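Chemist: One structure, pasted below without further comment.
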Amino acid sequence: MSAEVVAVSGIAAGGDGVGRLGDGRAVFLPRTAPGERVTVRAGSLRMHRTFARGEAAEIVEPAAARVSPACPHYLADHCGGCQLQHLSYEAQLQAKRTIVGDALRRIGKLDIPDPNITAAGEQWRYRTEISLAVRQRRERSRDAAPLVAGFHPYDSPERVFPLVDCLIADARLMSLWRQLQSHLQLLPEGVTRLTLRLGKEGTRHLVVESAGEPWAGRTADRLRAALIQAEEAGEVVCWWHPVDGAPRVVAGPATGFPATAFAAANPAMGTAVRRWAVEGLGDVSGKQAWDLYGGIGDTALLLAERGARVVSVDADEKAVAWARGRSDLAAFGDRVRCIAGRAEDVLSGLPEPQAVVVSPPRSGLHWDITLRLTGDPVSSVAYVSCDPATLARDLQRLSVNYQVRAVQAFDLFPQTAHVETVVHLEAAR
């Protein structure tokens, strides 16, 4: 039986190429490109009622946009961290525009074209946070470390391959990783995950998640001392994050930026997103603004600089505590308030807004926030989204009282399928 040949017509959310099987069913094929004809690997198809997933065995006709991936892990280890390295950067941007536009039309029922997209300033070495899975090595040897730390293959998520280098990670994090690999024996028993992160001040943070006994301070101090002996030096802070508990510093200064607080892993592009969101609200001078899911207060600062009175709300107490201690926010006095709590729980106690910025997690807006915004419409709303599907769902719900005024996509994470979107809404007249 000859292998089925599929014509790839586009890139789906998540980064897989999508085409049609002979029976008309959509099929998702990782690492393929629009315009290609590929054969499906025998035995790889997993059939569902309305779609299928499989693997490409051979690129019969490659697309003009196909390029050789720069990262050895992308092909050799099937790294799941990136999905689009096989596409030219121009093709990546087009794919992301289409992903957003398709979601807004199909899920949001909005009659709008694919949005414009702001390209990233840097296509490599931009990430200021990476998270590595840790597993015990199955086969022990005298020359190999007992732990394997790295990423998951996209086609075998239960496995972990050892990371040598991540080309989209900031070079300072990879320097930290190279130093750390020689001292994995100093990690606590039961370690399951390592997060490497650059703080606002350039401090390098190592967050160790484990299910075993607490990470002994003496061992953590030894590891930190070994890490800061590198030529590039720089501050290093070690955190222990028990699986069922709160993270805490075990070696290094406990003050400064909280490594567990949410912040954009591409700071330069994150700033561009926030600026576009705030500027699109129009003149906010003297107006009351809400900054919901406000994190460490970066958006609140932009609103205050434009003359608004701001209430910023976030459920992360550490993030809010850091925001309250910021000297740039403190300079605005009582014009800026930072509240720790779930946005949906504190709505009733907030002052009436004339402008709102929402930056929800991938799950989108809580239903109570949607009800508040539709029940008493605000003249200007900026919705910052990290997931096109939940953005489209929420816009469909908000459409009863709002009109979409502008949409802009942003490429925060080149080489991946992730796309950030900002939508400006105005109350329908």
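The values are calculated or read from the model by the stated rules, or taken from the named source; none is laboratory data. Since we're looking at a predicted model, the values are computed, not measured. Cβ placement follows ideal geometry from the backbone for every residue including glycine, while neighbour counts extend to all protein chains displayed.
Chemist: With (1) in a helix (DSSP H, G or I); (2) surrounded by 21 or more Cβ atoms within 10 Å (Cβ to Cβ); (3) at pLDDT 95 or above; (4) not hydroxyl-bearing (S, T, Y) as the list, and W322 as the residue in question, which single condition is left unmet?
Modeler: Only one criterion is unmet by W322, namely (3).
Chemist: Shifting gears a bit: Considering each residue of region 188-224, count those that are of a type in the set (A, V, I, L, M, F, W, C) and closer than 26 Å to R125 by Cα, and give that number.
Modeler: 7
Let's see how each residue does on (1) surrounded by fewer than 18 Cβ atoms within 10 Å (Cβ to Cβ); (2) at pLDDT 95 or above; (3) out of contact with any Asp or Glu (no Cβ under 8 Å at 6 or more places or on another chain):
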site: L84; (1), (2), (3): no, yes, yes
site: Q94; (1), (2), (3): no, yes, yes
site: D111; (1), (2), (3): yes, yes, yes
site: E122; (1), (2), (3): yes, yes, yes
site: T128; (1), (2), (3): no, yes, no
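Chemist: Right, something else. Which of the residues that make up region 89-101 are touching a residue at least 12 places away in the same chain (Cβ under 8 Å) and either in the same structural domain as G17 (by TED's automatic domain parsing) or within 20 Å of the chain's Cα centre (by Cα) (or both)?
Modeler: Passing the criteria: Y89, Q92, L93, A95, K96, R97, T98, I99, V100, G101.
Chemist: Here is a follow-up. Quick check on my filter: what residues within region 186-199 are out of contact with any Gly (no Cβ under 8 Å at 6 or more places or on another chain) and not in a strand (DSSP E or B)?
Modeler: Result: L186, L187.
Chemist: Show me the strands (runs of 3 or more DSSP E) found entirely inside region 339-415 where at least 3 residues are touching a residue at least 60 places away in the same chain (Cβ under 8 Å) and farther than 12 Å from A427 by Cα.
Modeler: 402-410
Chemist: State whether the residues of region 344-351 include one that is within 22 Å of R309 (Cα to Cα), loosely packed, with under 15 Cβ neighbours inside 10 Å and small (G, A, S).
Modeler: Checked region 344-351: at least one residue is within 22 Å of R309 (Cα to Cα), loosely packed, with under 15 Cβ neighbours inside 10 Å and small (G, A, S).
Chemist: Additional query: Which is part of a loop (DSSP other than H, G, I, E, B) and either under 26 Å from L301 (Cα atoms) or of a type in the set (S, T, Y) (or both), of A272, A246, A259?
Modeler: A259
Chemist: Further question on the same structure: If you scan region 105-138, which residues turn out to be of a type in the set (A, V, I, L, M) and in contact with a Pro (Cβ under 7 Å, 6 or more places away or on another chain)?
Modeler: A120
Chemist: Which condition does R222 not pass, out of (1) modelled with pLDDT under 90; (2) more than 24 Å from C71 (Cα to Cα), if it passes all the others?
Modeler: (1)
Chemist: Got at least one residue in region 205-221 being without any contact (Cβ under 8 Å) to a residue 60 or more places away in the chain, assigned by TED's automatic domain parsing to the domain that holds P377 and touching a Ser or Thr at 6+ places or on another chain (Cβ under 6 Å)?
Modeler: No; the residues of region 205-221 include none that is without any contact (Cβ under 8 Å) to a residue 60 or more places away in the chain, assigned by TED's automatic domain parsing to the domain that holds P377 and touching a Ser or Thr at 6+ places or on another chain (Cβ under 6 Å).
Chemist: Now, a different point. Say we look at region 160-176 and pick out the residues that are without any contact (Cβ under 8 Å) to a residue 40 or more places away in the chain and touching a strand residue (DSSP E or B) at 6+ places or on another chain (Cβ under 8 Å); which of these is surrounded by the fewest Cβ atoms within 10 Å (Cβ to Cβ)?
Modeler: This residue is P162.
Chemist: Which condition breaks for G282 when tested against (1) part of a loop (DSSP other than H, G, I, E, B); (2) farther than 30 Å from A119 by Cα?
Modeler: Going through (1) part of a loop (DSSP other than H, G, I, E, B); (2) farther than 30 Å from A119 by Cα one by one, G282 breaks only (2).
Chemist: Would you say H183 is at pLDDT 90 or above, out of contact with any Cys (no Cβ under 6 Å at 6 or more places or on another chain) and either assigned to a helix (DSSP H, G or I) or of a type in the set (S, T, Y) (or both)?
Modeler: yes
Chemist: Please determine, by comparing only the residues of region 236-263 that are assigned by TED's automatic domain parsing to the domain that holds R222 and touching a His at 6+ places or on another chain (Cβ under 6 Å), which one is surrounded by the most Cβ atoms within 10 Å (Cβ to Cβ).
Modeler: Filtering region 236-263 for residues that are assigned by TED's automatic domain parsing to the domain that holds R222 and touching a His at 6+ places or on another chain (Cβ under 6 Å), the one surrounded by the most Cβ atoms within 10 Å (Cβ to Cβ) comes out as V237.
Chemist: Enumerate the strands (runs of 3 or more DSSP E) found wholly within region 50-142, keeping only those where 1 or more residues are touching a Lys or Arg at 6+ places or on another chain (Cβ under 7 Å) and over 17 Å from G14 (Cβ atoms).
Modeler: The qualifying strands (runs of 3 or more DSSP E) are 56-61, 116-118, 129-136.
Chemist: Go through region 7-27 and give me each residue that's surrounded by fewer than 16 Cβ atoms within 10 Å (Cβ to Cβ) and not aliphatic (A, V, I, L, M).
Modeler: Hits for region 7-27 are S9, G14, R20, G22, D23, G24, R25.
Chemist: Somewhere in region 151-161, is a residue assigned by TED's automatic domain parsing to the domain that holds R224 and either assigned to a helix (DSSP H, G or I) or of a type in the set (S, T, Y) (or both)?
Modeler: Looking for residues that are assigned by TED's automatic domain parsing to the domain that holds R224 and either assigned to a helix (DSSP H, G or I) or of a type in the set (S, T, Y) (or both), one finds at least one in region 151-161, hence yes.
Chemist: Take V237 and decide whether it is assigned to a loop (DSSP other than H, G, I, E, B), in contact with a Gly (Cβ under 7 Å, 6 or more places away or on another chain) and not aromatic (F, W, Y).
Modeler: no
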